Every structure is written in structure tokens, then in C-alpha cells.
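Just below is one structure, and these are the notes that go with it.
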Amino acid sequence: MTQRVEDRAEQGALLVGVANPATIGHLMGLAATLARGGEYRVVATHIVTVPNQMALGAARQSPEVVAGTRLLQEAINEGARCGIAVRGVVEVAREVHEGLLSAAANQEAELILVGYSDADERNERAERHFDRIMYRVARNTRANLLVAKFRTEQLRTILMPLLGGQNLPVSGMVLNAIRAHRPDVRVTFIRAIRPDE
């Protein structure tokens, strides 16, 4: 029994950013697939932002933290329906990217999964804000970052860009995890090259 607990503690974390109730089902389904394929422990996190005038500790009892806790409980329940154990963590920070980076460091995340739906795309300002957050996270984290855009209920096809280098093992892990649990998915590989190559 002790060995199993130690093994679990040594697993890297798959950190799942949870902000939109509409994407929880998709995120937890993908997290379950990735966790089985990469043997990750899954940690869902919700980031609560606090203005500079307020102490971070003072926000711990705020309505936003309570709402975030409820959202994480939905993620935990959805994870259980998908067959995985999920731990929930509310992170309080000045900016969303700071919260994600802090959660990734605190949880020793090897992979960060975030997502957004078509509904988010309708608000151009919100989409630009999301892009800025993801850029900052990608530039400053040691973890691999996977941004999923959910358009349909069923995953039928995957277009996998191949860049080579250090991206290849991560791309392979993601693809193998998905194919192991969804063998009917059609995969197309693509590599963009200059005309003179």
C-alpha cells in the first residue's frame, strides 16, 4: 500500500485549467484519455484573480473562490464519471497566467491542459484575452501546454502538425493516448515547408 502511494506521488501532474462550465465535460474526457496514456495524476485548477489593492490571502473566503470550488467539484465529478481521480485546487493570483504558472509549479505539472469552445470565439475581445494568457503561460512554463478547442461532441479526425525536435515525443504521447481509447479516430499528419525546401 505504501509503495502505491509513493508511486502516485512520483507521477507527474496533468494540470487542467477549469473556467467555463461548458467545457468541463470535454476537458475531463480528454484529461482521462491523456492520464491513462501518460500515467499522470490529474489536478483541476480554477484561477481567481484579485486586484492589487487586496491582499491575496483576503480573497480566500471571497464569493469567487466559493464559485471556483463549486466549478472544481463539477470537474471532480465529471472525472469520476470518466474513470479518473481528480484533485481540485483554487489558485488565487493577480493575473490568470500567474495563477496557472503558480499552480503548474506547485503541482509539479508535466502537462497543462486548457480549452475553449466555439462560444468563446464569438467574443473577439475575450478570445484575444485568452490568446494573451496562453502566450504568457507558454513562454514561462516548464510544462508542456496543450490548448484544445472544442467544436463537436465526437472526436472523429485529428490533424497533427509535425514540427520535429522536442515537440515530437509530446505529440506522439498525445496521439497514442487518444488512439488507444478512440481507435476509430482518423489521423492526418501535416508538415508545412517553404516552397524552396
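Okay, here's what the table says:
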item	result
The chain - percent of accessible surface contributed by carbon and sulfur, probe 1.4 Å	49
Sequence-separation-based contact order of the chain, relative, with Cα cut under 8 Å and 6+ spacing, percent	23
Neighbourhood charge, 11 Å Cβ-Cβ cut-off, centred on Leu100 and excluding it, Lys, Arg +1 and Asp, Glu -1	-2
Within-14-Å neighbourhood charge of Val170 [Cβ basis; K, R +1; D, E -1]	0
R0 of 22 Å, Cβ-Cβ distance Thr69-Ala22: FRET efficiency to nearest 0.05	0.75
Mean ellipticity per residue at 222 nm, deg cm²/dmol - from DSSP H runs of n ≥ 4 across the chain, formula -39500 (n - 2.57)	-14500 deg cm²/dmol
Radius 13 Å from Cβ of Val89, net charge of other residues (Lys, Arg +1; Asp, Glu -1)	+1
Exposure ranking of Asp196, Asp131 by accessible area [1.4 Å probe, largest first]	Asp196, Asp131
Residue range of the chain that is longest and free of trypsin sites (Lys or Arg not before Pro) which are both DSSP loop and sparsely packed (at most 16 other C-beta within 10 Å)	1-93
Relative contact order %, segment 24-120, counting alpha carbon pairs below 8 Å whose residues are six or more apart	37
Average accessible surface area per residue within the chain, 1.4 Å rolling probe, Å²	62
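The values are calculated or read from the model by the stated rules, or taken from the named source; none is laboratory data. Predicted, not measured: the structure shown is a model, and the values here were computed from it. Quick reminder, even Gly has a Cβ in these numbers, built from the backbone with ideal geometry, and neighbours come from all protein chains shown. We work out accessible area using only protein heavy atoms, side chains counted, and drop any ligands, DNA or RNA first. Shrake-Rupley method; radii C 1.70, N 1.55, O 1.52, S 1.80 Å.
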